[in-house]
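Notes to accompany the following structure.
The values are calculated or read from the model by the stated rules, or taken from the named source; none is laboratory data. Keep in mind that what you see is a predicted model, and the values were worked out from it rather than measured. Note: ideal-geometry Cβ built from the backbone for every residue, glycine included; neighbour counts use all protein chains shown.
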Amino acid sequence: MDEELRFHLEEQIQTNLAAGMAPAEARRAASVRLGNTALIKEDTGAVWRWGWWDAARQDLRLAVRLLPKQRGFSALAVVVLALGTGANTAVFSAANDVSPNDPLALLAAATALLCVGWLASLTPARHAARTNPMAALRAE
């Protein structure tokens with residue numbers, strides 16, 4: 001990466017010298033035109049690397065570091081994950097047993113899924129309806 005940036009800097013210096021600039025002025029103008037090399041390296045690295053993988057790894061490391069410090073939250077997280085996995089398994093098993101040729105069973109399964117979705121969104125929706133957006137933004 002450094003070699004590539006040096007190449008572009010030297011090319012711009014040569015262009016500036018050919019335009020009649022003094023050597024010091026040509027180097028300075030080329031540096032200004034190229035911009036912040038550290039930022040260029042960071043942006044290029046973010047494109048070349050798996051940025052999402054780095055972010056996920058950092059989030060996981062933070063979570064592992066914080067879990068022992070907040071035991072109540074950790075226990076709640078484990079319980080919620082267990083309940084979610086169990087509910088997912090139950091819904092999948094029920095949906096898997098539905099025959100596509102039986103319209104009544106399809107209607108019952110669709111109704112059950114709609115009810116579960118509605119109930120899952122009811123509490124956050126009620127909370128959002130009661131929260132003043134400006135107060136929430138100030139609290140952050």
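Of note:
- Any hit, segment 29-38, residues being farther than 30 Å from LEU113 by Cα, outside the structural domain of ALA109 (by TED's automatic domain parsing), under 24 Å from the mean Cα position of the chain (by Cα) and hydrophobic (A, V, I, L, M, F, W, C): yes
- Residue within segment 41-49 that is over 22 Å from the mean Cα position of the chain (by Cα), in contact (Cβ under 8 Å) with a residue 24 or more places away in the chain and assigned to a helix (DSSP H, G or I) present: no
- Condition met for ALA19 (surrounded by 11 or more Cβ atoms within 10 Å (Cβ to Cβ), of a type in the set (A, V, I, L, M, F, W, C) and outside the structural domain of LEU114 (by TED's automatic domain parsing)): no
- Here VAL116 fulfils each of the conditions (1) without any contact (Cβ under 8 Å) to a residue 24 or more places away in the chain; (2) part of a helix (DSSP H, G or I) apart from (1).
- Inspection of segment 51-66 identifies no residue that is of a type outside the set (Gly, Ala, Ser), in contact with a Pro (Cβ under 9 Å, 6 or more places away or on another chain) and either part of a helix (DSSP H, G or I) or in contact (Cβ under 8 Å) with a residue 60 or more places away in the chain (or both).
- Residue match in segment 72-93 (condition: modelled with pLDDT under 80, out of contact with any Asp or Glu (no Cβ under 9 Å at 6 or more places or on another chain), assigned to a helix (DSSP H, G or I) and of a type in the set (A, V, I, L, M)): yes
- Any chance ARG126 is at negative phi and surrounded by fewer than 10 Cβ atoms within 10 Å (Cβ to Cβ): no
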